[in-house]
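Down below is the structure, laid out as C-alpha cells.
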Amino acid sequence: MTGMTASSYDALPYESQFNPHSHPDHLAVMAALFGCAALVLIVISAKVGWDACADGLDAAAAQQIIEAVGLLAAAVVALQIAQTITEEEVVAMHTSAHPHAFDASCPASSSS
C-alpha cells in the first residue's frame, strides 16, 4: 500500500473481515438497551428528586437533588450513545453503498 495516492479515503483499498457481531440488528438491540437504561435513570432521578423535596428542604435534600441531577446527566449520556449507535451504525448500514453487506446470501453472515 505504500506509494498509493488517492483523492479520498474511499478510493483506498480496505482489507477487512466480516464481523457477525456488528450486524445492524445486534447494534439496534444495543441502542434500544441504552435507551431503556436512560428511561430507567430518568424515573429513578424523578423519584430521588421528589423524595428530596417531600422530606423538607435542607442540606440532606440538597445532596439528594445533586444526586438526581447526576442521574439525569447519566440518562442524557445514555440517550446520546443510543442515538449515535442508531445514526452511525444501524441507519448507515441499512442505507450504505453495499445494500447486500448483511444479506443472507453472504456466507459470512450465515455463520453464527
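The values are calculated or read from the model by the stated rules, or taken from the named source; none is laboratory data. Predicted, not measured: the structure shown is a model, and the values here were computed from it. Cβ sites come from the backbone with ideal geometry, for glycine too, and all protein chains shown count toward neighbours.
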Can you tell me which residue in the range 23-39 is farthest from GLN80 (Cα to Cα), limited to those that are more than 9 Å from the chain's Cα centre (by Cα) and among the small types (Gly, Ala, Ser)?
-> ALA37
Residue in the range 47-64 that is under 30 Å from GLU88 (Cα atoms), touching a residue at least 12 places away in the same chain (Cβ under 8 Å) and not small (Gly, Ala, Ser) present = no
Residues of the range 59-76 that turn out to be surrounded by fewer than 14 Cβ atoms within 10 Å (Cβ to Cβ) and not polar (S, T, N, Q), as a count | 8
Within the range 77-93, restricting attention to residues that are at pLDDT below 95 and exposed (fewer than 13 other Cβ atoms within 10 Å of the Cβ), which residue is farthest from ALA38 (Cα to Cα)?
-> ALA92
Does VAL40 count as among the aliphatic types (A, V, I, L, M), at pLDDT 90 or above and not in a loop (DSSP other than H, G, I, E, B)?
-> yes
